[in-house]
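Inspection log for the structure reproduced underneath, given as structure tokens.
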Amino acid sequence: KKEIMKIVAMIPARLGSKRVPKKNLRLLNGRPLISYNIETAVKSGLFDEVYVNSEAEIFSEIAAKYGAKFYKRPEIYSTNKATNDHFTLDFMNNIDGEILIQILPTSPMISVKEVTDFTNEMINNNWDSLISVEYKQIACVYKNRSVNFDKLKINPPSQKMEPVKAYATVLMGWKYSTFISDMKQYGAAYHGGNGKTGYYVLRGLSTIDIDREEDFQLAERIILSMKNQEELKKGYYGK
């Protein structure tokens, strides 16, 4: 990274959550969910500063334990009506930087390599915004209308279908200058505004996002399985 460029990581964590109450504090294999991505961001060694952004002081303890700083956002940006645009602009207005990498705590299996590669992609290609996505290479419908297929034609093999890019959301990158400008001009900047926007494909475990109780249980079982470090062996019926 360029010496003159200040790169900041922000991990947003609102205390209130409806579907999984206090999910960022909930223990996942004995540690709070948010601790996984704090640790990943710090371990990457890419960031000048790593911040947990929350209205709740309890997150300052966790941030400090895992090597990050704490930014206390105003209560107004912690309600159900507050958007990512609003609390990000507030953060940028108070914490100096040139590039902001947002890492959501709800995808705890994102790796140091993925965070590193994403950030390098942002810098090397001079993106104003970089959005993590996952490919859905299967027939997709939006508002009962086909997106990537023709209902009147034979269905092609899935590997030949045009993939639909769905937001993975765990990683988002923005240039401070472009984000702030878009917020002034449009009142929105999350999706990239009129800036140069790139899309970074994630696959596998990093796309697991904890949004409901069953997601949490799935993540816990995967982490426990990985902890056992059992080597997966390929096997085929009849051999």
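The values are calculated or read from the model by the stated rules, or taken from the named source; none is laboratory data. Please read all numbers here as calculations on a predicted model, not as lab measurements. Cβ sites come from the backbone with ideal geometry, for glycine too, and all protein chains shown count toward neighbours. Remember, those area values only see protein heavy atoms, side chains included, never the ligands or the DNA or RNA. Shrake-Rupley method; radii C 1.70, N 1.55, O 1.52, S 1.80 Å.
Using a 1.4 Å probe on the protein heavy atoms, what percent of the accessible area of the chain belongs to carbon and sulfur? Kindly include the intermediate steps, with their values, before the conclusion.
Details: 6940 of 13810 Å².
That share works out to 50 percent.
So what is the accessible area of the chain per residue, in Å², with the probe set to 1.4 Å? Spell out each step's value before the answer.
Details: 13810 Å² over 239 residues.
Solvent-accessible surface per residue comes out at 58 Å².
Please state the shape class of the range 9-137: rounded when a/c is under 1.5, otherwise prolate if a/b exceeds b/c and oblate if not, all from the C-alpha gyration tensor. Each step should come with its number before you reach the end.
Details: a/c = 1.39, a/b = 1.23, b/c = 1.13.
Note, shape of the range 9-137 comes out rounded.
Any idea of residue 211's accessible area? Nearest 10 Å², probe 1.4 Å.
Taking all protein chains as shown, residue 211 has close to 40 Å².
Quick one: Cα centre-to-centre distance for the range 1-80 and the range 186-238, in angstrom?
18
For 212, 145, 221, give me the order by solvent-accessible area with a 1.4 Å probe, most accessible first, ignoring ligands, DNA and RNA.
On the way: 212 105, 145 180, 221 150 Å².
The most accessible residue leads, giving 145, 221, 212.
Taking H as built 1.01 Å from N, whose amide H comes closer than 5 Å to the amide H of residue 28, not counting residues under 5 places away?
33
Multiply the residue separation of residue 26 and residue 144 by 0.36 nm, subtract the distance between their alpha-carbon atoms, and state the gained length in nm to one decimal. Working shown, then result.
Numbers: separation 118, 0.36 × 118 = 42.48 nm, distance 3.72 nm.
Full-extension gain reported as 38.8 nm.
So who's got an amide H within less than 5 Å of the one on residue 210, skipping anything under 5 residues away but keeping other chains? H placed 1.01 Å off N, in plane.
Amide H to amide H, under 5 Å and 5 or more residues apart or across chains, residue 210 pairs with 107.
Arrange the residues 110, 123, 138 by how much accessible surface each exposes, largest first, with a 1.4 angstrom probe.
Working: 110 5, 123 30, 138 105 Å².
Solvent-accessible surface, decreasing: 138, 123, 110.
Shape call for the chain from the C-alpha gyration tensor, a ≥ b ≥ c root eigenvalues: rounded (a/c under 1.5), prolate (a/b greater than b/c) or oblate? Numbers along the way, then the final one.
Working: a/c = 1.62, a/b = 1.20, b/c = 1.35.
Verdict is oblate for the chain.
Taking amide hydrogens as modeled 1.01 Å from N in the peptide plane, which residues meet the under 5 Å criterion relative to residue 202, leaving out close sequence neighbours?
Distant-sequence amide H within range of residue 202: 133, 134, 135.
Output the pairs from 165/233; 65/233; 160/227; 22/69; 23/136; 72/184 with a Cα-Cα distance over 29 Å in this structure; if there are none, say none. Please list the in-between numbers first.
Details: 165/233 31 Å; 65/233 37 Å; 160/227 37 Å; 22/69 20 Å; 23/136 27 Å; 72/184 23 Å.
Those over the limit are 165/233; 65/233; 160/227.
On a 1.4 Å probe surface of the protein chains, which of 58, 99, 76 comes out largest in accessible area, and what is the full order? Walk me through the numbers before you get to the answer.
Values: 58 75, 99 10, 76 115 Å².
Per-residue accessible area, sorted high to low, gives 76, 58, 99.
If you build a Gaussian network model of the chain, linking Cα atoms that sit under 10 Å apart, which residue out of 195, 204, 173 swings the most?
It is 204.
Explain nothing, just the number: dipole magnitude of the chain about its Cα centre with +1 on each Lys and Arg Cβ and -1 on each Asp and Glu Cβ, in debye rounded to the nearest 20. List each step's numbers first, then the result.
Working: 34 positive and 28 negative charges, 168 e Å.
In total the dipole reaches around 800 debye.
Taking the full set of protein chains and a 1.4 angstrom probe, give the accessible area of residue 92 in square angstrom, rounded to the nearest 10.
10
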